[in-house]
Amino acid sequence: MKNSQDIFNEGKKYIPGGVNSPVRAFQSIGSTPPVIKRGDKAVLWDEDGNSYIDFVCSWGPMVLGHNHPKVYESVVNAAKNGLSFGALAKIEVEMAKLIASMVPSVEMVRMVNSGTEAVMSAIRAARGYTRRDKIIKFDGCYHGHSDGLLVAAGSGVMTSGVPDCAGVPKSVTGDTLTAPYNHLEEVEDHMKRQGEEIAAVVVEPVAANMGVVLPQPGFLEGLRKLCDAYGAVLIFDEVITGFRLAPGGAQEYFHVMPDLTTMGKIIGAGMPVGAYGGKREIMETVAPVGPVYQAGTLSGNPVAMAAGLAQLGILKEHPEYYSQLNEKGDEFFREIEKIISKSGKNCRVNHIGSLGSIFFAQGEVLDYVSAKTADTEAFARYARYMVSHGIYVAPSQFEAMFLSLAHTKEQLSGTLAVIQEGFSRGF
Ligand code: HOZ
């Protein structure tokens, strides 16, 4: 097993599809994945010795780039003291305090191990708090793979083109209502019909799992008003936007406060961490204070906390990093827009700060239906071309492109040159 292809083939004998998460199989772009050996700053190397400028950034969390020396040092030092205790450690309290100091709506926070777990638990807390069962989610938003949220989900579910997941009982999804993203009137309809039964509205404040789709002006504010009017809990899933758009995530960026916030891998600097937090009165329904049960031996794991604390600590100390990162992203995506418009191709670039997507679609992409109009074959040709030219982009039309603070001007202009060549010659 020397090279990527051999390793992937061997993996397929023992792991479903050869991968531990479906999108990374590169199936939807009709290719096979480079097997990644190492990352440093904004560069990845594969088992064949090829290097790539990384625009996946582990699906977001590597906002400082790979192998940041302070994060590395913090992890190594923590590991020297033991890998897991299943008991309270001081670093968990430090982490909770730091998150509460950065995310404006968070008064209390509970650590879990992934974004999936965070959203699943936040919804349970919202249901326990309101004593209601139904939730509203948006078509094309992805909130992890828990049963009740695999309804019209984005990310790998959308990539595979299977809107409903086998193995999920109808009885479990019966309380999940859906609405199109950016269509406030449909949320209002649900509320008018059954507002007394709706525990929560869960939303990605910037949708980033059907490609990047921005909230239209008034959408998030409208959700806030509807939740207030009907006594529902507003949950912002900030697994992608948290600590990326601003120190306090999308809620700070858009000045709209949710009741609960879910966070993911970025708070572990890429290690398996998630968290949910928000208003004290809701969080105090969670055990051992209240009757909503949620637990886990690995929750608040000291090594994962050490990684996250180092990354978030750096970000808190340097608020100027956000203007740098957002400007770098805005400029990069605007340049892509120029290239595309000169080429005359039917593409749209949706972007905000360091997050963006090139949609191979004709019209504006504002929701699941318009995202689905994208020509996934054309995207596949583009993605294969990019990867074969040393630019690692997500192997799906329905995922985001992420920049980090580690991306250099030269790397970004090199990437633009590759894109330019691709759009002018065809992929
Ligand atoms: N569903 C993830 C991105 N939205 C991909 C996870 C992975 O393959 O690591």
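The values are calculated or read from the model by the stated rules, or taken from the named source; none is laboratory data. On a predicted model such as this, the values are computed, not experimentally measured, just so you know. Here Cβ is always computed from backbone atoms with ideal geometry, including for glycine, and neighbour counts include all displayed protein chains. With ligands, DNA and RNA removed, areas are computed over all heavy atoms of the protein, side chains included. Shrake-Rupley method; radii C 1.70, N 1.55, O 1.52, S 1.80 Å.
3J(HN,Hα) along the range 401-410, derived from phi through the Karplus expression 6.51 cos²θ - 1.76 cosθ + 1.60 where θ = phi - 60°, amounts to 9, 10, 9, 10, 5, 7, 5, 8, 4, 5 Hz, with x in place of Gly and Pro. Taking a point 7 Å out from the Cα of residue 413 in the direction of its Cβ, the residues of the range 316-331 whose backbone N falls within less than 19 Å of it are 325, 327-331.
For the chain, the share of DSSP beta bridges that are antiparallel, to the nearest 5, is 60%. Note that the range 34-89, at 25 °C in a medium of 0.890 mPa s, gets a Stokes-Einstein diffusion coefficient of 188 µm²/s from its Kirkwood radius over C-alpha pairs. On the chain, 51 percent of the accessible area sits on carbon and sulfur atoms, based on a 1.4 Å probe.
Debye calculation, C-alpha points only, no solvent: report log10 I(q)/I(0) for the range 51-170 at q = 0.09, 0.18, 0.23 Å⁻¹, in the same order as the q values. Result of the Debye calculation: -0.40, -1.22, -1.35. Counting Lys and Arg as +1 and Asp and Glu as -1 over every other residue whose Cβ lies under 12 Å from the Cβ of residue 354, the net charge comes to -1. Express in % the proportion of alpha carbon pairs of the range 167-302 at distances exceeding 21 Å. The calculated P(r) of the range 167-302 puts 49 percent of pairs beyond 21 Å. What the Cβ-Cβ distance of residue 81 and residue 317 gives, at R0 = 41 Å and to the nearest 0.05, is a FRET efficiency of 0.95.
Once both labels are positioned 7 Å from their Cα atoms along Cα-to-Cβ, the gap between residue 50 and residue 362 label points is 3.4 nm.
Restricting the calculation to alpha carbons of the chain gives Rg and Dmax of 20.9, 62 angstrom. For the listed peptides 41-48, 244-251, 229-236, a ranking on the average number of other beta carbons within 10 Å per residue, highest first, reads 244-251, 229-236, 41-48. Its relative contact order, with pairs defined as Cα atoms under 8 Å and 6+ residues apart, puts the range 202-303 at 19 percent. Per-residue ellipticity at 222 nm from helix content only, as computed over the chain with -39500 (n - 2.57) for each DSSP H run of at least four residues, stands at -12000 deg cm²/dmol. FRET efficiency for the pair residue 369 and residue 297, taken as 1/(1 + (r/R0)^6) with r the Cβ-Cβ distance and R0 = 45 Å, rounds to 0.60. If the chain linking residue 12 and residue 425 were pulled fully straight, counting 0.36 nm for each residue of separation and taking away their Cα-Cα distance, it would gain 145.2 nm.
Using a Cα-Cα cut-off of under 23 Å, which lysines could be cross-linked to residue 265, ignoring same-chain neighbours fewer than 8 residues away? Filter leaves 37, 41, 70, 80, 90, 97, 137, 279, 316, 328.
How much length would be gained if the chain were fully extended between residue 221 and residue 100, taking 0.36 nm per residue of separation minus their Cα-Cα distance, in nm to one decimal?
41.3 nm
Per-residue accessible area (protein heavy atoms, 1.4 Å probe) orders 334, 348 as 334, 348, starting from the largest. Computed over protein heavy atoms with a 1.4 Å probe, the accessible surface of the chain works out to 43 Å² per residue. Note on the range 318-427: Kirkwood radius taken over Cα pairs, Stokes-Einstein applied at 4 °C and 1.567 mPa s, translational D equal to 91 µm² s⁻¹.
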